[in-house]
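S.K.: Please find one structure pasted underneath; my questions will follow.
The values are calculated or read from the model by the stated rules, or taken from the named source; none is laboratory data. No experiment lies behind these values; they were computed from the predicted model shown. Here Cβ is always computed from backbone atoms with ideal geometry, including for glycine, and neighbour counts include all displayed protein chains.
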Amino acid sequence: MELSAEYLREKLQRDLEAEHVEDTTLNRCSCSFRVLVVSAKFEGKPLLQRHRLVNACLAEELPHIHAFEQKTLTPDQWARERQK
Amino acid sequence: MAAGAAEAAVAAVEEVGSAGQFEELLRLKAKSLLVVHFWAPWAPQCAQMNEVMAELAKELPQVSFVKLEAEGVPEVSEKYEISSVPTFLFFKNSQKIDRLDGAHAPELTKKVQRHASSGSFLPSANEHLKEDLNLRLKKLTHAAPCMLFMKGTPQEPRCGFSKQMVEILHKHNIQFSSFDIFSDEEVRQGLKAYSSWPTYPQLYVSGELIGGLDIIKELEASEELDTICPKAPKLEERLKVLTNKASVMLFMKGNKQEAKCGFSKQILEILNSTGVEYETFDILEDEEELKENGELLPILRGEN
């Protein structure tokens, strides 16, 4: 079971057709992963649904990641955040 | 092992030495209750628990007991997230149905007896168990307007994320009840399936999943948290209502029928002898009142 940050990042990018996926993990603990996902697929979806999409994408890997954090933005939201 | 004839009598607890042997065992023993003791030779409590298991094996021959050196078979230990010894896992139909962390002999006995006696292994029985679990989870998620399923308790959180969640809820004065998912393996695993949500903590409002820590943080940032979650009435409000409940209000330890301290008893006797009408509030029932009333008294006096 591949669990490298790179592998997870690429899987998310592919499956969610994401504009941007960033690994923002703080401590380099091998079993924690914190990610920012920006995707048009999140448009019009409430937070819970967005997170479910991400959870579904990583359904196989999640049980092996001890600490998982995610932030989900639409391309518009992300553009606005970067301007701040 | 030539130690003597006495050994043969209680050879009831088999040792599992490999992952392969473990898988075999799960298949073989699917029709009965299988109890697995994850142990280590350097832990004295394990030796004691082995004795407890041997006794149980004598009493309940239909139950299979095995032990496994946690450090000797790491693949199995890691698969079931064994983090300390002794830990006991319970299997039926090759499915893990319960878990016990620690050397609690009475608890082990209780769990073994409970699972050993819970009925047949027909598929319909399984469905029945699932239905019961779902009903139980439904009740639990609706147990309070706002329910937090977390690791540990709000007073003693046992994981960083759960701790942060509690802090945010307290910061926004949100009224919630909590459930420690470490206290019940069935709920811990069942709730993940029930809500299709893989992690803890989980926050529910009116029985509906709001989300985990990430979502609560984002709701906090977007200021939606206050609209979604019920607030606890401010202490000041409560005190104002309480002190005005009757024209004479006595804050005491206990109540009119039963004073729980000498001074409270004396004051009751005095009031009763005057014939004055009064009502009471038991400060032993409410931690907040006990501590805060003293501090807020000047404020309340000012308002009068």
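S.K.: Name the residues in the stretch B:159-177 that are of a type in the set (G, A, S) and either in contact (Cβ under 8 Å) with a residue 60 or more places away in the chain or touching a Gly at 6+ places or on another chain (Cβ under 7 Å) (or both), would you?
M.R.: B:S162 - this is the single residue of the stretch B:159-177 that is of a type in the set (G, A, S) and either in contact (Cβ under 8 Å) with a residue 60 or more places away in the chain or touching a Gly at 6+ places or on another chain (Cβ under 7 Å) (or both).
S.K.: Quickly run through the stretch B:126-154 and pick out the residues that are closer than 18 Å to B:L213 by Cα and either within 14 Å of another protein chain (Cβ to nearest Cβ) or under 16 Å from the mean Cα position of the chain (by Cα) (or both). I'd like the intermediate steps shown before the answer.
M.R.: Initial filter on the stretch B:126-154 (closer than 18 Å to B:L213 by Cα): B:141, B:146-154.
B:T141, B:M147, B:L148, B:F149, B:M150, B:K151, B:G152, B:T153, B:P154, listed by residue number.
S.K.: A further question follows. Scan the stretch B:232-258 for residues that are exposed (fewer than 14 other Cβ atoms within 10 Å of the Cβ), under 34 Å from the mean Cα position of the chain (by Cα) and over 29 Å from B:Y204 (Cβ atoms) and report the count.
M.R.: Final tally of qualifying residues: 1.
S.K.: Would you pick out the residues in the stretch B:88-101 that are under 14 Å from B:D184 (Cα atoms) and not acidic (D, E)?
M.R.: Restricting attention to the stretch B:88-101, the residues satisfying the condition of being under 14 Å from B:D184 (Cα atoms) are B:88-90, B:96-101.
Answer for the stretch B:88-101, where residues must be under 14 Å from B:D184 (Cα atoms) and not acidic (D, E): B:F88, B:L89, B:F90, B:K96, B:I97, B:R99, B:L100.
S.K.: Give me the pairs: first residue in the stretch B:10-35 and assigned to a helix (DSSP H, G or I), second residue modelled with pLDDT under 85, beta-carbon distance under 8 Å, and six or more apart or on different chains, which are they?
M.R.: Close Cβ pairs (under 8 Å, with a partner that is modelled with pLDDT under 85) amount to B:L26/B:S94; B:R27/B:S94.
S.K.: If you don't mind, another one. Filter the stretch B:259-285 down to the residues that are within 37 Å of the chain's Cα centre (by Cα), buried (at least 16 other Cβ atoms within 10 Å of the Cβ) and of a type outside the set (F, W, Y) and list them by number.
M.R.: Hits for the stretch B:259-285 are B:A259, B:S264, B:T280, B:D282, B:I283.
S.K.: Return a yes/no flag: does the stretch B:175-192 have any residue that is within 19 Å of the chain's Cα centre (by Cα) and at the interface with chain A (Cβ under 10 Å from one of its Cβ atoms).
M.R.: Yes.
S.K.: Considering only the stretch B:197-244, state which residues are in contact with a Leu (Cβ under 6 Å, 6 or more places away or on another chain) and at positive phi.
M.R.: B:G211
S.K.: For the stretch A:33-49, which positions are buried (at least 20 other Cβ atoms within 10 Å of the Cβ) and either of a type in the set (V, I, T) or within 10 Å of the chain's Cα centre (by Cα) (or both)?
M.R.: Passing the criteria: A:F33, A:V35, A:V37, A:V38, A:S39.
S.K.: For the subset of the stretch B:178-218 comprising residues that are of a type in the set (G, A, S) and in contact (Cβ under 8 Å) with a residue 60 or more places away in the chain, which member is nearest to B:R99 (Cα to Cα)?
M.R.: The first filter runs over the stretch B:178-218 and keeps only residues of a type in the set (G, A, S), leaving B:178, B:183, B:190, B:193, B:195-196, B:206-207, B:211-212.
Narrowing the set further to residues that are in contact (Cβ under 8 Å) with a residue 60 or more places away in the chain leaves B:206-207.
Working: B:S206: 29, B:G207: 26 Å.
Checking each candidate, the answer is B:G207.
S.K.: Moving on. Give the residues of the stretch A:26-71 that are polar (S, T, N, Q) and within 8 Å of chain B (Cβ to nearest Cβ), sorted by residue number. Even if it seems obvious, please write down each step before you answer.
M.R.: Applying the first criterion (polar (S, T, N, Q)) to the stretch A:26-71 yields A:27, A:30, A:32, A:39, A:49, A:55, A:70.
The answer is A:N55, A:Q70.
S.K.: Looking only at the stretch A:42-53, how many residues end up being out of contact with any helix residue (DSSP H, G or I) (no Cβ under 7 Å at 6 or more places or on another chain) and within 23 Å of A:A5 (Cβ to Cβ)?
M.R.: Taking the stretch A:42-53 and keeping what is out of contact with any helix residue (DSSP H, G or I) (no Cβ under 7 Å at 6 or more places or on another chain), we get A:43-46, A:49, A:52.
Still in the list and also within 23 Å of A:A5 (Cβ to Cβ): A:52.
Matching residues across the stretch A:42-53 total 1.
S.K.: Quick one: in the stretch A:54-84, which of the residues that are buried (at least 19 other Cβ atoms within 10 Å of the Cβ) and out of contact with any strand residue (DSSP E or B) (no Cβ under 6 Å at 6 or more places or on another chain) is farthest from B:I82 (Cα to Cα)?
M.R.: Checked the stretch A:54-84; the qualifying residue farthest from B:I82 (Cα to Cα) is A:C57.
S.K.: Of all residues in the stretch B:186-231 being crowded, with 18+ Cβ neighbours inside 10 Å and of a type in the set (V, I, T), which is nearest to B:M165 (Cα to Cα)?
M.R.: B:I216
S.K.: Given the conditions (1) under 26 Å from A:H66 (Cα atoms); (2) touching a strand residue (DSSP E or B) at 6+ places or on another chain (Cβ under 9 Å); (3) away from chain A (no Cβ under 11 Å), and given that B:E218 satisfies all but one, which numbered condition is not satisfied?
M.R.: (3)
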